[in-house]
Amino acid sequence: MILNSQIPGGPLAEKWTKHKFDLKLVNPSNKRKYDIIVVGTGLAGASASASLAELGYNVQAFSYHESPRRAHSIAAQGGINAAKNYPNDGDSIFRLFYDTIKGGDYRSREANVYRLAEISNNIIDQCVAQGIPFAREYGGLLDNRSFGGAQVSRTFYARGQTGQQLLLGAYSALVRQMKTGKVKFHPRHEMLDLVLIDGEAKGIVTRNLITGEIQSHAANAVVLATGGYGNAFFLSTNAMASNVTAAWRAHKKGAFFANPCITQIHPTCIPVASSHQSKLTLMSESLRNDGRVWVPKKMGDKRHPSEISEDERDYYLERLYPSFGNLVPRDVASRRAKEMCDRGHGVGETGLAVFLDFADAIARMGKDTVTQKYGNLFDMYKQITGENPYETPMRIYPAVHYTMGGLWVDYNLMSTTPGLYILGEANFSDHGANRLGASALMQGLADGYFVIPYTIGDYLSGKLGESISTEHRAFAETESDVKSRIDTLISVNGNRTVDDIHKELGLILWENVGMAKNKAGLEKAIESIPKLQNEFWNNVKITGTADELNPELEKAGRLADFLELGELMARDALNREESCGGHFREEHQTEENEARRNDEEFSYVAAWEYKGKGNPAKLHKEELVFENVALTTRSYK
Amino acid sequence: MRVMLKVWRQNNSKSQGVFEMYPVKNISGDMSFFEMMDMLNDRLVLDGKTPIAFDHDCREGICGTCGLFINGRTHGSLRGITTCQLHMRSFKDGETIVVEPWRAKAFPVIKDLIVDRSSFDRIMEAGGYVSIKTGGTPDANAIPIPKINVDEAMDAASCIGCGACVATCKNSSAMLFVGAKVSQYALLPQGQPEARERVLNMVAVMDEEGFGSCTNTGACEVECPKEISLEHIARMNREFLKANIS
């Protein structure tokens, strides 16, 4: 199979406009004849469900949460980018495009990223019209702040709760459609498999998380907006329930998985305190606007930071990158923090942390201004660590945050399975090898509000009159597979809890497929993960039954998929013999320890095809073509 | 440290619930309350017992999924946090901790400590939005909005919909939840065209769902993890009055 990205021809700036014209339309009175399933109701899923319903399609929306408002999009703190150029500082659609391509270390598609930059402005208009209280200046106009990887201020924000406000905005649009009946929402329903009819996505099988009932749902097309898979690492900034199951089930039914090894490790998280830790908490990157990152110059210096004088401190980001300073992209900031700690300059009890210091910011702007900008983040830090960041510098360390990899999609956001669309973090599309801050919200909403409503019609228009019923035997077969898998899980009755095995997988991935990877480590992971899969299927213990609310059973099903994904992540990382963005192979670095890309051999998207249990996945390559930007070594110096 | 947990166990919405006692030891003060519960649940699983079901997700205080009634206080006794942000350092060694679900007619128990808060979604469906479609919106800076209004709207909009206000209220009133949403839109020009219908419809559904009346005790404001002010209830009352006489 040759991957066809469906990128339209013509000049970059005209591609999307031209493409929208070329896409086939479904006439307004025919839209109500189509059913669309949307799985996931975060930013991408809620915005898609609402927008598709507004157009007239019948939408069935599914979430394992009790309400769409619980999705983890809600936790995004810092902001959302747009090329409005309100601050008059030289921004433009092309500059946002360029920064995103460069920030992604030239491993994303030009056409997709340009479209994203183009749409970014519509998103802000949409959100303001919904009544989202973005921060404003005294004159009543919108305020912007700067973020990593950019030298302009283009980030719109609502205190440190931008994701919450955008999600509640999308949720408000969604509940409005729920009220009209155009969206039927299924809360606490988890998708456990995809149903194919003649090779096309025509439904899903779900488990009702309260009653345990396995149900089939049919539609003319299926949209997955099910988020990222950072929880494969066990410890991450993701919510506890975030998982790869829907995407992985789709992968096993034929959808290719792209760049699974490319994970974003976010530089500003609260360090791990103990082995009981269940998740890591992110401190918004916006803190790097005013906070200064440093470590003691002396190795193993355990003095209180207040006792370490200015000339004994190494503000290493400002030293290494004078022009971007503390605002270098996330991958660079994370790797440098790890390097400082590996060299013995780490702080705190574990030595796995660096300081993020606000003393200068407080002296410059006053405590009140700092409180106004970052108050809730400071409170959160204090609550978790018991330390007051107004007085003592924060301690931060990188943590798994976002997965750039995901199901492969073409320009229309359709996967390699016809009729199956992937939106938001669940797809691989726009961030290349590294996502810039404040770009996840932008992409999720772009996909949901402004891309899928156009592109899905092109597929559906060819399906007029198609009637899909759950009576089709494909549904019964899939249901039976799902049930037997659940029965097998419950019947193992071994000696280890789900979390115990998950922590072991997390450790393997963090050490070998995390911030810095090498051949030996990856080979070790590829050897040890299948053993752990075996351990899981023979020794996991789940109590309770399948026909009741059973959180352990839910976790077990998700872990089973993470275990398979983990192996693919390691294989993908081993294959990619280069360093790019969030993917850092120790063998491929410059003398200054910067990532060394290999554009000759690896300027492609690695899309993996599932080849059945026990067989290695097959690699397909989508070559990336750059016509509008020159591939350069990223420099933030 | 060690604690004794006295936890509400209830199989499903139909069954009777009971308190059960669980001693938990080897707790570190840096563990969150839920990490302590995770540890207990792992032990229960290994003992072949059913772990305690509780709702939680982001574990950073923003998703609004979690909510336990701990020693008679919603989200525990600290102000301005959710249950997931509660750490064991807030408890005394040897303490008995009573853990219950939210209790309100409009929040029926699903299992153990998990309740059904879909009534909140239905209130939102009645008017918690501006009726615009995707696309065709004016430029975001077309309408200047005074910073002071936006800041106050943001105070209201920071509600996470956890239901602590209802659980703590002796009348199980949802006025703070509804007031926050009505107030957010009342403070913004975007909310004006539908202001009247919004407040009338949301209040009507709130009543239908079985939430009680507000008697201005202010417990909700004290217990709200986002410290949302009673002033938003007052603003909703003004909006409601205005809607009824206009």
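Projecting each Cα onto the charge dipole of the protein assembly as shown (Lys/Arg +1, Asp/Glu -1 at the beta carbon, about the Cα centre), which of A:Leu574, A:Asn434, A:Ala525 comes out farthest on the positive side?
Final value for the positive-end residue is A:Asn434.
Hey, with R₀ at 30 Å, roughly what FRET efficiency would B:Glu208 and A:Ser461 work out to, going by the Cβ-Cβ distance, to 0.05?
My answer for the efficiency is 0.10.
Once amide H atoms are placed 1.01 Å from N in the peptide plane, what residues at a sequence separation of 5 or more from B:Val115, or on another chain, have their amide H within under 5 Å of its amide H?
Sorted by chain and number, the residues that satisfy this are B:Ile110.
Once you put a point 7 Å from the Cα of A:Asn4 and another 7 Å from the Cα of A:Glu339, both along the Cβ direction, what distance in nm separates them?
So the two model labels end up 4.5 nm from each other.
Using 7 Å Cα-to-Cβ label points, what is the A:Lys483/A:Phe94 separation (nm, one decimal)?
About 6.1 nm, to one decimal.
Within the set of other residues whose C-beta is less than 15 Å from the C-beta of B:Thr168, count the net charge using Lys and Arg as +1 and Asp and Glu as -1.
The answer is +3.
I need the peptides A:576-582, B:95-101, B:18-24, A:511-517 ranked by packing, meaning the mean over residues of other C-beta atoms within 10 angstrom, with the highest value on top.
Result, highest mean first: A:576-582, A:511-517, B:95-101, B:18-24.
Identify all lysines with a Cα-Cα distance to A:Lys24 below 21 Å; exclude those on the same chain that are fewer than 8 residues away in sequence.
Candidates past the 8-residue exclusion: A:Lys15, A:Lys33, A:Lys202, A:Lys463.
Please give the FRET efficiency for A:Asp500 paired with B:Arg103, using the beta carbon to beta carbon distance and R0 = 25 Å, rounded to the nearest 0.05.
According to the calculation, E is roughly 0.15.
What ranking do A:605-615, A:436-446, A:152-162 get when scored by the average of other Cβ atoms within 10 Å per residue, highest first?
The peptides rank, most packed first, as A:436-446, A:152-162, A:605-615.
Between A:Lys252 and B:Ile245, what FRET efficiency follows from the Cβ-Cβ distance if R0 is 51 Å, with the result rounded to 0.05?
The computed FRET efficiency comes out at 0.25.
For A:Thr281, enumerate residues with amide H under 5 Å from its amide H, sequence gap 5+ or separate chain, H modeled in the peptide plane.
Close amide H contacts, sequence-distant or interchain: A:Ile270.
How much length is gained if the chain between A:Glu318 and A:Ala363 is pulled fully straight, taking 0.36 nm per residue apart and subtracting their Cα-Cα distance, in nm to one decimal?
Gain on extension, A:Glu318 to A:Ala363, equals 14.3 nm.
Mind checking which aspartates and glutamates have their C-alpha under 17 Å from B:Lys92, skipping anything on the same chain fewer than 8 residues away?
B:Asp30, B:Glu35
Applying a 10 Å radius around every beta-carbon, put B:44-53, A:422-431 in order of their mean neighbour count, most first.
Ranked by mean Cβ neighbours within 10 Å, highest first: A:422-431, B:44-53.
Using a 10 Å cut-off around each Cβ of peptide B:47-53, what is the average number of partner chain Cβ atoms that fall inside?
Average neighbour count from other chains, rounded to a whole number: 4.
Filter B:Lys181/B:Lys226; A:Lys297/A:Lys367; A:Lys373/B:Lys147 down to the pairs with a C-alpha to C-alpha distance above 20 Å, please.
Result: A:Lys297/A:Lys367 exceed 20 Å.
Evaluate the charge dipole of the range A:433-539 about its Cα centre and quote only its size in Debye, nearest 20, assuming +1 on the Cβ of each Lys and Arg and -1 on the Cβ of each Asp and Glu.
My answer is approximately 360 debye.
Starting from 0.36 nm per residue, how many nanometres of slack lie between B:Arg238 and B:Phe19 once their C-alpha separation is accounted for?
Here the answer is 74.5 nm.
Counting only DSSP beta bridges with both residues in the protein assembly as shown, tell me the antiparallel percent, nearest 5.
Among the beta bridges of the protein assembly as shown, antiparallel pairing accounts for roughly 70 percent.
Can you divide the C-alpha Rg of the range A:265-401 by 2.2 N^0.38 Å and report the result to two decimal places?
The range A:265-401 yields a ratio of 0.97.
What translational diffusion coefficient, in µm²/s and rounded to a whole number, does the Stokes-Einstein relation yield for the range A:480-602 at 37 °C and a viscosity of 0.692 mPa s, taking the hydrodynamic radius as the Kirkwood radius over Cα pairs?
D = 205 µm²/s.
If I model a spin label at A:Glu609 and A:Arg473 as a point 7 Å from the Cα along the Cα→Cβ vector, what separation in nanometres do I get?
In this crude spin-label approximation the distance works out to 2.6 nm.
Can you give the average number of partner chain beta-carbon atoms within 10 Å of each beta-carbon in peptide B:119-125, as a whole number?
5
Over 27 Å between Cα atoms, which of A:Lys338/A:Lys503; A:Lys252/B:Lys133; A:Lys182/B:Lys105; A:Lys503/A:Lys637; A:Lys182/B:Lys14; A:Lys279/B:Lys25 qualify?
Where the Cα-Cα span goes over 27 Å, the pairs concerned are A:Lys252/B:Lys133; A:Lys182/B:Lys105; A:Lys503/A:Lys637; A:Lys182/B:Lys14.
Once a ≥ b ≥ c are taken as the square roots of the eigenvalues of the Cα gyration tensor of the protein assembly as shown, is the result rounded (a/c under 1.5), prolate (a/b larger than b/c) or oblate (a/b not larger than b/c)?
Rounded is the answer for the protein assembly as shown, as its axis ratio a/c remains below 1.5.
Under 15 Å Cα to Cα from A:Lys184, which aspartates and glutamates show up? Leave out anything in the same chain fewer than 8 places away.
Partners within reach: A:Asp35, A:Glu54, A:Glu66, B:Asp121, B:Glu125.
Residue-wise, which Karplus ³J(HN,Hα) couplings in Hz belong to the range A:270-284, taking 6.51 cos²θ - 1.76 cosθ + 1.60, θ = phi - 60°, and x for glycine or proline?
Once rounded to whole Hz, the list reads 6, x, 5, 9, 8, 6, 7, 4, 9, 7, 10, 10, 7, 10, 3.
Just to be sure I understand: if I project the alpha-carbon convex hull of the range B:3-110 onto a plane and average over all orientations, what area do I get in nm²?
For the range B:3-110, the mean projected area of the Cα convex hull comes to 7.0 nm².
In peptide A:64-74, how many Cβ atoms from other protein chains are near each Cβ within 10 Å, on average?
6
Quick one, what does Rg over Rh come out to for the range A:321-431 if you take C-alpha atoms and the Kirkwood Rh?
Looking at the range A:321-431, the ratio lands at 1.12.
Treating only the Cβ of Lys, Arg, Asp and Glu as charged (+1, +1, -1, -1), what charge dipole size does the range A:480-602 show about its Cα centre? Round to the nearest 20 debye.
In total the dipole reaches around 420 debye.
Based on Cα coordinates alone, diagonalise the gyration tensor for the range B:118-245, multiply each eigenvalue by 5, take square roots, and list the semi-axes in whole Å, largest first.
25, 16, 13
Each value in this text was obtained by applying a stated rule to the coordinates, not by laboratory testing. All values derive from a computational prediction rather than experimental measurement. Reconstructed Cβ throughout: ideal geometry from the backbone, glycine too, with neighbour counts over all protein chains shown.
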